[in-house]
Amino acid sequence: KVAIKGIERELICPACKELFTHPLILPCQHNVCHKCVKEILFAFEDSFADGGSESSNQSSPRIRISASSMDRIDRINRSGTKRNSLTPRSTLFPCPSCQRDIDLGERGINGLFRNFTLETIVERYRQAARAAIAIMCDFCKPPPQESTKSCMDCSASYCNECFKIHHPWGTVKAQHEYVGPTTNFRPKILMCPEHEMERVNMYCEICRRPVCHLCKLGGGHANHRVTTMSTAYKTLKEKLSKDIEYLISKESQVKAHITQLDLLLKETECNSERAKQEASQSFEKLYCVLEEKKSAALRAIETSKNIRLEKLQTQVEEYQGLLENNGLVGYAQEVLKETDPSCFVQTAKQLHVRIQKATESLKSFRPAAETTFEDFVVDTAKQEDILGDLSFHSSGLEIPEINEEQSRMYNKALISWECPGKTDSADIYVLEYHKLNKEEESVTWQKTEVCGKSKVLSDLDDDSSYAFRVRGYKGSICSPWSREVIMRTPPAPVFSFLFDDKCGYNNEHLQLNPRRTSVESRAGFPLLLGSERLQVGCFTTLDYIIGDTGIAKGKHFWAFSVEAYSYLVKVGVVPSNKIQKLFHNTPDVTSPRYEQDSGHDSGSEDAFFDSSQPCTLVTLGMKKFFIPATPAAPKDPASRILPLPSCLGICLDCDRGRVGFYDAGRMKCLYECEVDCSGLMYPAFALMGGAAVRLQEAVTAQDREYHDSI
């Protein structure tokens, strides 16, 4: 049998870290003291009243709410759920064992069972360890005597004399059940906490808790699978006995594992000391390098200082010689006293040269050496960044890679990454980014910590390029930085609109989705029936649709994608004063080029066709982007055909009167032209045959959650 003193670990409350006192069984099957449950819920209530302040759980020294529990309290607080009592409709309780938010239901604490079996084991442990204070008689006059027995029916303890008085021979109380002194008074019959007058006689296999017949008939367990209490008792006892017998039979294996774990503990201690020594040696090497660099820098400064002082001192002495009766001037004055012409000329010639040099230096005075030491300033910015990133690198922690296909720049930036092994080995990721600016010499990275594998950024400038990199952290160990990825923001603020389902919308040829974010043109029976009367030289019509919001001024950008199967799509802008012309200029037109009785191709109708267009559009289709034939465009038709990008963008600058068509994935301009912005400008689309256009949706916080779930 297992010694009672060896199971203390199983008898400790996870909240107060003391022996259980009246433990309650939570729905997650963990146990917590009754008092601890109430105090945690009171702390819960205080956190809502105080806005989730951390000081609210400091009033009770009994419980120790962990940081993770407070994080869950703050999370529930932010969700807006309100509670008015300890037993509200759906009470959430942060379990200190499994770290999950447990729903206690409508009855809250009152709906929980006391674990009387655990109470009995704790009482036996107290007696075996002799840790409990002697239990005194509840009925003695002061001073009370030590009790000798406890009555389970009266839930009280008595000394011998008081027991005889309160349980006289020949009365009903004389038949009460009594045991040795104890504080653990368990009821003889376990009653249902929801129906207090009913005893539990069934076991719910779904909720794993005892229930009464009223719970099964019309309560919360009406549709649950239940069994009789005797059957559940027999089944669970057999399973538990078999599992215990199995564990006991594997005692030698358990001891072997314990021995192995002891060795691993020692090995961990040794390896940690070795790692500390290696880390210290690495930093000592850095200290030595820094000391050498410091000494060399100080020596260079000292040498330069001595040279400069020597030059300046020499210059001082030279200028002192220019003073009267001193140095060169004094010497010259003495030479002037020579009366012999031959001797004077012999000496004065060289002296005169020196006097001239001194005169010139006096006219253009300049110090012989610089006093500043700007050339000796040590730039340690890069080294500081490198040292700031100094941490433990592990080959076992995978290097994340930024997924450029899932990342996108629009109204906000969504940066998504993944690990090559598809495993989330890091606890947290650090995303860094900076704006590319050629004028800035030093780079300042902005940093943000992310728990998932994507991040939405909203503080980026328009029409700018940014570099992104990410690394993973697991404790104090980090992975190397990922490859830097450069992405460009839209050239202007994003303009949001939906397809207009009223103005000129042809619901026979076009089909909008319920959200009005995509439109599809189907080449079905309507087009086939409409083409029945057409001959060889006829064109079918384009079906136009515009945005539901116009632009009056400023610079705006919007993006969309054209399905790969699309035959013909035109995109661009249309002024409000030409919308009616756009929708009323769509009858079938017979081309003169293919007129059956003309027999020739004049080529002059292209100019007429272009000049008659009421809006500025470019043509897309068959996975191609067609640059319009303008004087500035290449003359070779093949050079005007580009591959169709997966996502296209349009930038309208009303102030400059220009519209640009972009590859929205790379934010590269494919074509730009002038446009008349005299009226309110609307996004315009035209489809023919089988085609579909989908508007680019704005980046939101849900995009990050969606990518994280993937």
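Considering (1) in contact with a helix residue (DSSP H, G or I) (Cβ under 6 Å, 6 or more places away or on another chain); (2) exposed (fewer than 12 other Cβ atoms within 10 Å of the Cβ), say which one His221 fails and leave the rest.
(2)
Do we have Val693 as touching a residue at least 40 places away in the same chain (Cβ under 8 Å) and assigned to a strand (DSSP E or B) here? Walk me through how you get there before you give the answer.
Numbers: touching a residue at least 40 places away in the same chain (Cβ under 8 Å): yes; assigned to a strand (DSSP E or B): yes.
In short, yes.
Quick one: count up the residues across segment 157-167 that are crowded, with 16+ Cβ neighbours inside 10 Å and in contact (Cβ under 8 Å) with a residue 24 or more places away in the chain.
So the answer is 3.
For the condition open to solvent by less than 50 Å² (accessible area, probe 1.4 Å) and within 47 Å of the chain's Cα centre (by Cα), what is the one hit in Tyr246, Tyr203? If you could, list the steps in order and put the result at the bottom.
Values: Tyr246 fails: open to solvent by less than 50 Å² (accessible area, probe 1.4 Å).
Matching residue, one of Tyr246, Tyr203: Tyr203.
Among Glu291, Glu317, which is the only one that is farther than 30 Å from Ile477 by Cα and either of a type in the set (Lys, Arg) or open to solvent by 100 Å² or more (accessible area, probe 1.4 Å) (or both)?
Values: Glu291 fails: farther than 30 Å from Ile477 by Cα.
Among Glu291, Glu317, only Glu317 is farther than 30 Å from Ile477 by Cα and either of a type in the set (Lys, Arg) or open to solvent by 100 Å² or more (accessible area, probe 1.4 Å) (or both).
With segment 389-465 as the region, which strands (runs of 3 or more DSSP E) entirely inside it contain at least 2 residues that are surrounded by 17 or more Cβ atoms within 10 Å (Cβ to Cβ) and modelled with pLDDT of 85 or more?
413-418, 428-435, 454-457
Listed here are the residues, each with its yes/no results for (1) more than 25 Å from Ile189 (Cα to Cα); (2) modelled with pLDDT under 75; (3) aromatic (Phe, Trp, Tyr).
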residue: Pro88; (1), (2), (3): yes, yes, no
residue: Gly108; (1), (2), (3): no, no, no
residue: Phe116; (1), (2), (3): no, no, yes
residue: Ala134; (1), (2), (3): yes, yes, no
residue: Ser147; (1), (2), (3): yes, no, no
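Return the residues of segment 495-517 that are part of a strand (DSSP E or B) and open to solvent by 40 Å² or more (accessible area, probe 1.4 Å); say none if nothing qualifies.
Within segment 495-517, Gln511 is the sole residue that qualifies.
Yes or no: Ala174 without any contact (Cβ under 8 Å) to a residue 12 or more places away in the chain, out of contact with any Lys or Arg (no Cβ under 9 Å at 6 or more places or on another chain) and either part of a loop (DSSP other than H, G, I, E, B) or open to solvent by less than 40 Å² (accessible area, probe 1.4 Å) (or both)?
In short, yes.
Find all pairs meeting these conditions: Cβ atoms under 7 angstrom apart; at least six residues apart or on different chains; first residue within segment 617-638 and of a type in the set (Val, Ile, Thr); second residue not in a strand (DSSP E or B).
Listed by first residue and then by second, the contacts come to Val618/Pro628; Ile627/Ala633; Ile627/Arg640.
Do we find a residue being within 30 Å of Met229 (Cβ to Cβ) and surrounded by 16 or more Cβ atoms within 10 Å (Cβ to Cβ) anywhere in segment 135-147?
Restricting attention to segment 135-147, the residues satisfying the condition of being within 30 Å of Met229 (Cβ to Cβ) are none.
No, there is no match, as no residue in segment 135-147 is within 30 Å of Met229 (Cβ to Cβ) and surrounded by 16 or more Cβ atoms within 10 Å (Cβ to Cβ).
Go through the residues of segment 161-177 one by one and say whether even a single one is within 30 Å of Ile12 (Cα to Cα), outside the structural domain of Glu10 (by the TED database) and modelled with pLDDT under 85.
Just the residues of segment 161-177 that are within 30 Å of Ile12 (Cα to Cα), to begin with: 177.
From what is left, the residues that are outside the structural domain of Glu10 (by the TED database) are 177.
Then keep just the ones that are modelled with pLDDT under 85; that gives 177.
Checked against the condition, which is being within 30 Å of Ile12 (Cα to Cα), outside the structural domain of Glu10 (by the TED database) and modelled with pLDDT under 85, segment 161-177 yields at least one hit.
Which one is surrounded by the most Cβ atoms within 10 Å (Cβ to Cβ), of the residues in segment 466-482 that are at pLDDT 90 or above and of a type in the set (Phe, Trp, Tyr)?
Phe468
Which of the following residues is open to solvent by 80 Å² or more (accessible area, probe 1.4 Å), modelled with pLDDT under 90, in a helix (DSSP H, G or I) and not assigned by the TED database to the domain that holds Leu104: Leu263, Leu240, Leu214?
Leu240
So that you can scan it fast, the table gives a plain yes or no per residue for (1) in contact with a helix residue (DSSP H, G or I) (Cβ under 8 Å, 6 or more places away or on another chain); (2) touching a residue at least 60 places away in the same chain (Cβ under 8 Å):
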position: Lys250; (1), (2): no, no
position: Ile258; (1), (2): no, no
position: Gln281; (1), (2): no, no
position: Ser304; (1), (2): yes, yes
position: Ile307; (1), (2): no, yes
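The values are calculated or read from the model by the stated rules, or taken from the named source; none is laboratory data. Predicted model, so just to flag it, every value in this text is computed and none were measured. Neighbour counts run over all protein chains shown; Cβ positions are idealised from the backbone, glycine included. Just so you know, the surface numbers come from the protein's heavy atoms only, side chains and all, with ligands and any DNA or RNA stripped out. Shrake-Rupley method; radii C 1.70, N 1.55, O 1.52, S 1.80 Å.
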